Amino acid sequence: MISELDSKYRLIRLKEVLNFTAISTSTHYLHIQQGLMVKPISLGANSSAYPLYEIEAINAARISGKNDEEIKLLVSELMNNRSNFY
């Protein structure tokens, strides 16, 4: 199991995100457009990743039965918190 500290600082690639969320690539990008998924963080010219804790928070919201509007608020909050992360 991943510790809370590891989860907060761990970046995962798209393939892992898709495994965690059990959705297709096209649905993943549709969710980003709809505000239901966080945008990736650029790691370089051709590389990006996602903070694991953000994906876990979105999954937890889905599991707990949050509706799309509540998840959009969560995603917005997660994206805003990135600028205040450290």
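Which of (1) within 20 Å of residue 7 (Cα to Cα); (2) surrounded by fewer than 16 Cβ atoms within 10 Å (Cβ to Cβ) is the odd one out, the single condition residue 54 does not satisfy?
Looking at each condition in turn, residue 54 falls short on (2).
When residue 7 is evaluated against the numbered criteria (1) in a helix (DSSP H, G or I); (2) free of Cβ contacts under 8 Å to residues at least 24 places away in the same chain, which criterion, by number, is the only one it fails?
(2)
Six or more apart or on different chains, Cβ under 8 Å: which pairs go from a residue in the stretch 50-67 that's outside any loop (DSSP other than H, G, I, E, B) to one that's open to solvent by 60 Å² or more (accessible area, probe 1.4 Å) and among the β-branched types (Val, Ile, Thr)? Could you list them?
Close Cβ pairs satisfying both conditions: 52/2.
State all residues of the stretch 23-53 that are closer than 15 Å to residue 78 by Cβ and touching a strand residue (DSSP E or B) at 6+ places or on another chain (Cβ under 8 Å); if no residue qualifies, say none.
38, 40, 41, 49, 50, 51, 52
Taking the residues in the stretch 1-30 that are modelled with pLDDT under 95 and charged (D, E, K, R) as candidates, determine which candidate is surrounded by the most Cβ atoms within 10 Å (Cβ to Cβ).
So the residue we want is 10.
The values are calculated or read from the model by the stated rules, or taken from the named source; none is laboratory data. Quick caveat, the model's predicted, so the values are computed rather than measured. Using ideal geometry, Cβ is built from the backbone for each residue, glycine included, and neighbour counts are taken over all protein chains shown. The protein model used for the area step is the full one, side chains on, heavy atoms only, and it has no ligands, DNA or RNA in it. Shrake-Rupley method; radii C 1.70, N 1.55, O 1.52, S 1.80 Å.
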